[in-house]
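Worksheet for the structure shown next.
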Amino acid sequence: MRGEFVDVGGTRLYYYAAGTRGAGDPVVFLHGFPGSSHAWRLMVPLMPEGRRLVVVDLVGCGRSDGPGTDPIGISNLAAMITGLLDDLRIERAAIVGHGLGGSVAQALAIDAPARVSALALMSCPAFDFHLRLARMARMVMPAARMLGPSLLASFVHGSAVRGYVDRTAGRRSLDVSLRAYPAHLGTRAIVAHLAALRDPELAAYGERLGTLRVPTLILWGADDPFLAVSAGERLRDAIPGATLDVIPDARHFIAEEAPEHCARAVTALLAR
C-alpha cells in the first residue's frame with residue numbers, strides 16, 4: 001500500500017493504492033462527508049486479489065487540498081476524479097461511492113460513461129434526497145467564520161455519529177476524519193461540503209440516471225437515520241438493471257459497520 005499526491009488542475013488530491021493488477025479494471029473508492037480515505041480501511045483489505053484499488057481523499061477532505069474560491073459542486077468533484085484517472089492512466093474503472101462520494105459517482109458515470117465499468121452506490125444522496133446533515137449548512141453558514149474549524153467540526157461530529165450503530169467506534173472514526181479541518185483545511189472546507197450535500201445539480205443528474213448502461217449495485221443500511229431506504233429503492237428503479245442490497249441492523253456508514261457484507265456485494269458486482 002502506498003499513498004501519494006496528484007496535481008489535478010492545480011489542486012493536490014491524495015490517494016493511496018492497494019491490491020494487485022491483472023484480473024480486471026481498477027476499483028476507485030470515493031468516501032462521503034464527513035469522511036476521508038480512512039472510511040474504507042476495513043473494506044479494502046477484503047476485496048479480491050487481482051484488482052488495482054485506488055482510495056481517494058476528495059478535495060477538502062483528509063490530506064487533499066482545501067477548496068479554492070469556487071463552490072464545491074457535484075460535477076466539479078466528478079471532473080476532478082476524471083482528471084485523477086487521466087493522471088493515473090486509468091481508462092476505465094469500477095467506481096464505489098458512499099454518501100457524497102456516491103453522488104459524485106453518479107455524475108462521473110453520466111458525464112463520462114466510457115470511463116466507468118461498474119457502479120456501486122452506497123447510502124448516497126440522489127434526486128431530491130439530501131443528507132439531513134446538510135441542514136447544518138443553513139444554520140451555521142452565517143456564523144461559520146466566528147465559530148472556527150474546531151467548533152464547527154465538533155458540531156458535524158455530534159450530528160454524524162448518529163450514522164453508526166456503535167457510537168464509540170463511530171466517534172473514533174470521525175475523530176480521525178475530522179481532525180484535518182482544524183489542522184489544515186479550515187472552516188471553508190466544512191461549509192463547502194455541507195453546501196455540496198444540497199447541490200441542485202443532483203436533481204438534474206437524477207433525471208439522467210435512466211441513460212446509464214453499466215452494472216450497478218445499490219447498497220443501503222436498513223436503519224440509516226439520514227437517508228431512508230426509499231431513496232435507495234428510487235435509485236434502483238431509475239437505473240436499468242440495478243440491484244438493491246439492504247443491510248440489516250446497519251445505519252449510514254455501512255463500509256465501516258458491515259465491511260464483509262459490502263466487500264462481498266461489490267465483489268459480486270465486479271463479476272457481472
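The values are calculated or read from the model by the stated rules, or taken from the named source; none is laboratory data. Because the structure is predicted, anything quoted here is derived from the model rather than measured. Cβ placement follows ideal geometry from the backbone for every residue including glycine, while neighbour counts extend to all protein chains displayed.
Odds and ends about this structure:
- Filter pass, ASP7 being more than 21 Å from ALA109 (Cβ to Cβ) and either part of a strand (DSSP E or B) or free of Cβ contacts under 8 Å to residues at least 24 places away in the same chain (or both): yes
- Residue in region 69-78 that is within 21 Å of ALA263 (Cβ to Cβ), over 14 Å from the mean Cα position of the chain (by Cα) and surrounded by fewer than 18 Cβ atoms within 10 Å (Cβ to Cβ) present: no
- Candidate set from region 127-155 (those that are modelled with pLDDT of 85 or more and not in a loop (DSSP other than H, G, I, E, B)); member that is surrounded by the most Cβ atoms within 10 Å (Cβ to Cβ): ALA153
- Pairing each residue of region 109-130 that is closer than 22 Å to ALA268 by Cα with any residue that is basic (Lys, Arg) and outside any strand (DSSP E or B), provided the two are 6+ apart or on different chains, yields C-beta distances under 6 Å for ARG115/ARG92; SER117/ARG92.
- Here THR187, THR243, THR168 are screened, and the one residue that is under 21 Å from PRO113 (Cα atoms) and hydroxyl-bearing (Ser, Thr, Tyr) is THR243.
- Once region 168-189 is narrowed to residues that are hydrophobic (A, V, I, L, M, F, W, C) and in contact (Cβ under 8 Å) with a residue 60 or more places away in the chain, the residue that is farthest from ALA153 (Cα to Cα) is ALA169.
- Of the candidates SER64, SER103, the single residue that is part of a helix (DSSP H, G or I), crowded, with 23+ Cβ neighbours inside 10 Å and in contact (Cβ under 8 Å) with a residue 40 or more places away in the chain is SER103.
- Restricting ALA250, ALA238, ALA231 to residues that are on the phi < 0 side of the Ramachandran plot and touching a Phe, Trp or Tyr at 6+ places or on another chain (Cβ under 6 Å) narrows the list to ALA231.
- Counted residues, region 20-55 - those being in a helix (DSSP H, G or I), among the aliphatic types (A, V, I, L, M) and in contact with a Phe, Trp or Tyr (Cβ under 8 Å, 6 or more places away or on another chain): 2
- Residue check for ALA255: touching a residue at least 40 places away in the same chain (Cβ under 8 Å), touching a Cys at 6+ places or on another chain (Cβ under 6 Å), of a type outside the set (D, E, K, R) and not in a strand (DSSP E or B): yes
- In region 233-249, the residues that are crowded, with 19+ Cβ neighbours inside 10 Å reach residues that are among the basic types (Lys, Arg) and modelled with pLDDT of 95 or more with C-beta atoms within less than 7 angstrom, at least six apart or across chains, in these pairs: ALA242/ARG236.
- Breaking point among (1) at pLDDT 85 or above; (2) surrounded by 22 or more Cβ atoms within 10 Å (Cβ to Cβ), for ARG171: (2)
- Number of the exception - ASP224 against (1) part of a loop (DSSP other than H, G, I, E, B); (2) touching a strand residue (DSSP E or B) at 6+ places or on another chain (Cβ under 7 Å): (2)
- Matching residues in region 190-207 - criterion: being without any contact (Cβ under 8 Å) to a residue 60 or more places away in the chain and not in a helix (DSSP H, G or I): PRO200, GLU207
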